[in-house]
1. Counting only residues that are more than 10 Å from the ligand (Cβ to nearest atom) and in a loop (DSSP other than H, G, I, E, B), which one in segment 40-63 is surrounded by the fewest Cβ atoms within 10 Å (Cβ to Cβ)?
2. Among what's in segment 90-128 and is within 16 Å of the ligand (Cβ to nearest atom), without any contact (Cβ under 8 Å) to a residue 24 or more places away in the chain and under 25 Å from residue 196 (Cβ atoms), pick the residue that is surrounded by the most Cβ atoms within 10 Å (Cβ to Cβ).
3. Scan segment 19-39 for residues that are surrounded by 20 or more Cβ atoms within 10 Å (Cβ to Cβ) and either within 10 Å of the ligand (Cβ to nearest atom) or part of a loop (DSSP other than H, G, I, E, B) (or both) and jot them down.
4. Quickly run through segment 129-145 and pick out the residues that are farther than 18 Å from residue 22 by Cα and within 16 Å of the ligand (Cβ to nearest atom).
5. May I ask you to list the residues in segment 179-206 that are more than 7 Å from the ligand (Cβ to nearest atom), farther than 14 Å from residue 139 by Cα and not in a helix (DSSP H, G or I)?
6. Looking at segment 207-226, which of its residues are crowded, with 18+ Cβ neighbours inside 10 Å, in contact with a helix residue (DSSP H, G or I) (Cβ under 9 Å, 6 or more places away or on another chain) and not in a loop (DSSP other than H, G, I, E, B)?
7. State all residues of segment 1-18 that are within 12 Å of the ligand (Cβ to nearest atom) and crowded, with 24+ Cβ neighbours inside 10 Å; if no residue qualifies, say none.
Ligand code: NAI
């Protein structure tokens, strides 16, 4: 069976590293992005120049009609979708819960959780011969991220529950659903939180004494998707340097 993967938010950070790694392992990859086509096209160009197969597709994965377009376009371009990485996610400026607006809370939930639900739903409806899904949660689902982003942490907690529940629903169909819980990874996301050097600041509090790389997260995602993890479902890998 040809391996066809969709990586949401695949244009930068963990999503870009995952797209490149999967392509190097023989997957055909849809690199989904929201609005930075230049970044997505650069990822695709690198994959194609290394002999891989990929294409970029713009879709806001928090919107149902765009998710359906994403899956239809991938099927047309690459064939039936066999693997999915729900990586797209956002956070906003560090803030205490008492100061959060309902608009911000709802935006976090729609981008981080509704997107995961929609993509999982479209995937399991289509994976007639089995498949594998990895949801990119966060160690924040366990720590709660007090004084920084409780809204973000709550969205990742919801992703964890969705991962567990869906894994049990579709196990008998040969579809495996797992999650990774990264923490303190060097990406541009921390600039969106208002502190580009957040990982550097926290390094001394991390048992392994450093932040992680997008490639280190991609390695675990790729393993969970692969046949090497054929007896693993409903499971979580924490990638947070021991935190
Ligand atoms: P990033 O900000 O570099 O990448 C996120 C990607 O998601 C971007 O390409 C962005 O355009 C895309 N995206 C956001 N909203 C979207 C939407 N509605 N539709 C389509 N694409 C959308 O961040 P990073 O660090 O690579 O994060 C990837 C995932 O890893 C996220 O889910 C994040 O919550 C998670 N994570 C990251 C950690 C870190 O320390 N960097 C720690 C724990 C989890």
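Readers should treat all values here as calculations from the given coordinates under stated rules, not as data from a laboratory. Here the structure is a predicted model, which means the values were calculated and not measured. We place every Cβ from the backbone using ideal geometry, glycine too, and count neighbours over all the protein chains shown.
1. It comes out as 51.
2. So, considering only residues that are within 16 Å of the ligand (Cβ to nearest atom), without any contact (Cβ under 8 Å) to a residue 24 or more places away in the chain and under 25 Å from residue 196 (Cβ atoms), the one surrounded by the most Cβ atoms within 10 Å (Cβ to Cβ) is 107.
3. 27, 31, 32, 33
4. Matches in segment 129-145: 137, 138, 139, 140, 141, 142, 143, 144, 145.
5. Within segment 179-206, 186, 193, 194, 195, 196, 197 qualify.
6. Once the filter is applied, which keeps residues that are crowded, with 18+ Cβ neighbours inside 10 Å, in contact with a helix residue (DSSP H, G or I) (Cβ under 9 Å, 6 or more places away or on another chain) and not in a loop (DSSP other than H, G, I, E, B), segment 207-226 yields 212, 214, 217, 218, 221, 222, 225.
7. 6, 7, 8, 9, 10, 11, 14, 15, 16, 17, 18
Residues are listed down the side, and each one gets a yes or a no for (1) surrounded by 14 or more Cβ atoms within 10 Å (Cβ to Cβ); (2) in contact with a helix residue (DSSP H, G or I) (Cβ under 8 Å, 6 or more places away or on another chain); (3) under 30 Å from residue 102 (Cβ atoms):
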| position | (1), (2), (3) |
| --- | --- |
| 148 | yes, no, yes |
| 165 | no, no, yes |
| 168 | no, no, no |
| 198 | yes, yes, yes |
| 202 | yes, no, yes |
| 228 | no, no, no |
| 231 | no, no, no |
| 242 | no, no, no |
